1. Kindly list, by first and then second residue, each pair from a residue in region 1-22 that is in the same structural domain as Ala112 (by TED's automatic domain parsing) to a residue that is among the aromatic types (Phe, Trp, Tyr) and loosely packed, with under 13 Cβ neighbours inside 10 Å, limited to pairs with Cβ atoms under 9 Å and residues at least 6 apart or on different chains.
2. Can you say whether Gly94 is within 30 Å of Arg149 (Cα to Cα), modelled with pLDDT under 90, exposed (fewer than 13 other Cβ atoms within 10 Å of the Cβ) and within 21 Å of the chain's Cα centre (by Cα), as far as the supplied structure shows?
3. Could you please give the count of residues in region 75-126 that are in contact (Cβ under 8 Å) with a residue 12 or more places away in the chain and of a type in the set (Asp, Glu)?
4. Would it be correct to say that Arg75 is part of a loop (DSSP other than H, G, I, E, B), in the same structural domain as Pro31 (by TED's automatic domain parsing), out of contact with any Cys (no Cβ under 6 Å at 6 or more places or on another chain) and of a type outside the set (Val, Ile, Thr)?
5. Under the condition of being surrounded by 19 or more Cβ atoms within 10 Å (Cβ to Cβ) and β-branched (Val, Ile, Thr), which residue from region 119-156 is nearest to Glu95 (Cα to Cα)?
6. Cβ-Cβ below 8 Å, separation at least six or inter-chain, first residue in region 55-70 and surrounded by fewer than 16 Cβ atoms within 10 Å (Cβ to Cβ), second among the β-branched types (Val, Ile, Thr) and assigned to a helix (DSSP H, G or I): which pairs?
7. Look at region 23-54 and say how many of its residues are touching a residue at least 12 places away in the same chain (Cβ under 8 Å) and part of a helix (DSSP H, G or I).
8. Here are some conditions: (1) within 27 Å of Asp85 (Cβ to Cβ); (2) touching a helix residue (DSSP H, G or I) at 6+ places or on another chain (Cβ under 8 Å); (3) of a type in the set (S, T, N, Q). Ser17 meets all but one. Which one does it not meet?
Amino acid sequence: MADRLLETALRERIEQSMNRVFRRLALIYSPQNMAAAYQGITSTQARSRANAIEYLENALAVEHRGLVLPLVEDRGEADRLRLADSRYGIRPGGEEHTLEQILTSEDPWLRACALYVAGSRKQSSLLPLVESNLSTLNALVRETASWARLAIATSS
């Protein structure tokens, strides 16, 4: 259940980010066309997605195309990982590494979800990061960190 919560929160952040990308594109290109492209990209219908991708390939300037298309094309996981590594220096590191990254991120909701996962799993290796979240200003993160610390401590 804790893992599912974090997975859902991460998917929501991806959807929100994609929405922001298309809203910004609508400042440069036709807002109606970008709204239609966004609807196509987020559609579950393969034909709508393909039409939206084709439109973006033709409508976007080269510099925008190179940034946007890798986000929306149906690439395999291996291609996405190569792109993340080559463009942003992001390398997969396993679940614990991912939790460590989220526990130090700027996103309070994702941090609270990661704290919940750490506490539910009773991951004592994450205790220093859990404790570092006890002094945050965000009440939800602070309370979840307190709960996670107690959950981890009672597992020993």
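1. none
2. Values: within 30 Å of Arg149 (Cα to Cα): yes; modelled with pLDDT under 90: yes; exposed (fewer than 13 other Cβ atoms within 10 Å of the Cβ): yes; within 21 Å of the chain's Cα centre (by Cα): yes.
It is true that Gly94 is within 30 Å of Arg149 (Cα to Cα), modelled with pLDDT under 90, exposed (fewer than 13 other Cβ atoms within 10 Å of the Cβ) and within 21 Å of the chain's Cα centre (by Cα).
3. Total meeting the criteria: 3.
4. For Arg75, the condition - part of a loop (DSSP other than H, G, I, E, B), in the same structural domain as Pro31 (by TED's automatic domain parsing), out of contact with any Cys (no Cβ under 6 Å at 6 or more places or on another chain) and of a type outside the set (Val, Ile, Thr) - is met.
5. Val130
6. Listed by first residue and then by second, the contacts come to Leu69/Ile53.
7. Within region 23-54, residues that are touching a residue at least 12 places away in the same chain (Cβ under 8 Å) and part of a helix (DSSP H, G or I) number 14.
8. It fails just one condition, (2).
The values are calculated or read from the model by the stated rules, or taken from the named source; none is laboratory data. Everything quoted here is computed from the prediction, not taken from an experiment. When we count neighbours, we look across all protein chains shown, and the Cβ atoms used for this are built from the backbone with ideal geometry, even at glycine.
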